[in-house]
Every structure is written in structure tokens, then in C-alpha cells.
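The values are calculated or read from the model by the stated rules, or taken from the named source; none is laboratory data. All of these numbers come straight from a predicted model, not from anything done at the bench. Here the Cβ is made from the backbone with ideal geometry for all residues, glycine too, and neighbour counts use every protein chain on show. Please note that ligands, DNA and RNA were not included when accessible areas were found on the heavy atoms of the full protein model with its side chains. Shrake-Rupley method; radii C 1.70, N 1.55, O 1.52, S 1.80 Å.
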Amino acid sequence: GAFSRMQPGQAVGAFFGYKVIGYFKDAADVAASPTQSGAAPGAFKFADINGDKTIDVNDRTYIGNPNPKFTYGFNIAATWKQLDFSAFFYGSYGNDVFNYVKYWIDFPQVFEGAVSKDLITNSWSPTNLNPKYPQITTVSSFSNTTQVNSWYIEDGSYLRLKALNIGYTISPAILHKAGIDRLRVYVSGTNLFTITKYTGLDPELQGSNLSDQTNIGIDFGNYPGNQKTYIVGVNLTF
């Protein structure tokens with residue numbers, strides 16, 4: 001289904017689906033909860049938004065906002081004798097990401113060929129009631145993989161060192177003997193580190209559909225566009 005919903009009064013691209021309030025603990029929990037298709041111990045338990053004791057399309061709600069509260073950046077630069085240094089940091093705060101990659105790697109019923117390495121040890125069981133993943137099963141249902149829900153929503157805030165440059169300029173007194181006016185040796189790097197709680201490959205998502213700017217903040221598993229790079233160079237002036 002659709003990940004987001006456009007509605008007056010709501011943020012553009014706001015995520016829309018079922019709100020997960022936990023996992024069903026046991027058969028007694030299933031019996032005491034609102035009627036939900038596919039309900040079983042270890043499955044997602046959805047919130048009964050309208051209070052009619054039945055979980056259906058009328059219980060979908062807004063579950064996240066991909067728009068940041070603000071983005072920011074700042075530069076730092078300094079020189080000391082012949083040494084120079086500059087750095088550029090960039091970040092985003094307050095935005096959610098729909099980590100759709102989890103759909104493919106955390107559910108054997110979706111894709112049997114690749115699952116998370118900790119799926120076995122950190123999925124639901126009668127002795128592990130608050131795990132990272134629901135109960136392992138090969139059967140898709142309303143209560144695990146067929147519905148958009150808040151389990152996929154993660155904090156997409158981050159701070160990244162976008163660029164770093166360190167240089168050293170050789171003393172002119174030494175260079176003039178060789179007919180050189182200026183010689184600077186430098187090393188630089190981009191995207192050297194990122195501070196984030198996001199569990200996907202990259203919180204700075206690459207757009208999947210440039211003609212549709214209403215479906216934003218969804219991680220479809222695109223190859224990250226912010227790889228680390230390193231450069232060593234020389235600036236030479238005669």
C-alpha cells in the first residue's frame with residue numbers, strides 16, 4: 001500500500017498506516033484485544049484508534065513525518081603558521097525515515113534469500129516478549145508484513161562531516177631557490193563520519209522518484225550517494 005497520505009492540515013509526505021503498540025504476548029492477550037486479522041502470539045498488535053474493538057482501515061493514522069524540524073550546517077576554519085584547516089558539517093534534525101529495507105531483510109516470508117544476522121536471536125518467543133523483531137514465520141498476514149505500520153519508522157536525524165581539508169604551505173624562503181612562488185600540500189576527505197541513530201545504510205536518503213516529491217523519507221535501499229572519499233594533492237605556483 002501507499003506509505004504516505006496527502007491531507008489538508010498534515011505535513012507533505014506524512015507517513016500513514018497502523019500504529020504498532022507492541023506484540024501479542026500469548027493466546028489470552030489475543031482474545032482480550034480488539035479483533036485483528038492474523039493476530040497471534042508474537043505478531044504486531046495495532047492500536048484501536050477509533051475504539052470500535054476491531055482493527056481495520058479506519059484505525060490507520062499518521063505515524064511519522066519525513067520533514068525535518070530544521071537542517072543546519074557550519075564551517076570551521078583555522079590557520080597556524082604554515083598549517084591550515086577547514087571543515088564543513090551538515091545535519092538534519094527531527095525527521096522520520098520509513099526504513100523499507102527492513103521489509104526485505106527481516107521477514108523470511110518476504111524474501112527467503114537474505115535475512116538479518118540477528119533475526120534468530122532477537123525475534124519474539126515466549127521467553128523474549130520485547131524483542132527487536134516479531135515472531136519468525138513463513139506466512140504473510142495482516143499482522144506482520146502486509147500493512148504499512150509504525151514499526152518501520154525510525155529517527156532520521158544526523159550530523160555528518162561533509163568535508164575536511166588539512167594543508168601545509170612550504171616556507172617561501174625555501175621555495176624561491178627553486179623558482180617556486182608557492183607550494184601547498186594537502187589532504188582532504190568527504191563524508192568522513194556520521195552521527196545518527198538510524199539503522200539503515202544512510203540517513204541522507206537519495207530520491208527514488210524525482211517527479212514525485214510527496215513520497216519522501218522512504219528508504220528503498222538505493223545505493224548511498226555519500227561515500228567516503230580521500231584526496232592527497234599539491235597546489236603549486238611558479
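Just checking, which of Y103, Y90 is under 14 Å from the mean Cα position of the chain (by Cα), within 27 Å of Y198 (Cα to Cα) and either hydroxyl-bearing (S, T, Y) or part of a strand (DSSP E or B) (or both)?
Y103
Restricted to segment 203-238, and to residues that are open to solvent by 90 Å² or more (accessible area, probe 1.4 Å) and hydroxyl-bearing (S, T, Y), which residue is modelled with the highest pLDDT?
Checked segment 203-238; the qualifying residue modelled with the highest pLDDT is Y230.
Being closer than 29 Å to S171 by Cβ and either modelled with pLDDT of 90 or more or out of contact with any strand residue (DSSP E or B) (no Cβ under 7 Å at 6 or more places or on another chain) (or both) is the requirement here; does G189 meet it?
yes
If I ask for residues that are polar (S, T, N, Q) and either farther than 17 Å from V148 by Cα or touching a residue at least 60 places away in the same chain (Cβ under 8 Å) (or both), which ones from segment 96-123 would you list?
N99, S116, T121, N122, S123
From the residues in segment 7-65 that are in a helix (DSSP H, G or I) and not small (G, A, S), which one is surrounded by the most Cβ atoms within 10 Å (Cβ to Cβ)?
Looking at residues that are in a helix (DSSP H, G or I) and not small (G, A, S), I get D59.
May I ask you to verify whether T138 is in a loop (DSSP other than H, G, I, E, B), under 22 Å from the mean Cα position of the chain (by Cα) and surrounded by fewer than 19 Cβ atoms within 10 Å (Cβ to Cβ)?
Considered against the rule, which asks whether it is in a loop (DSSP other than H, G, I, E, B), under 22 Å from the mean Cα position of the chain (by Cα) and surrounded by fewer than 19 Cβ atoms within 10 Å (Cβ to Cβ), T138 comes out as no.
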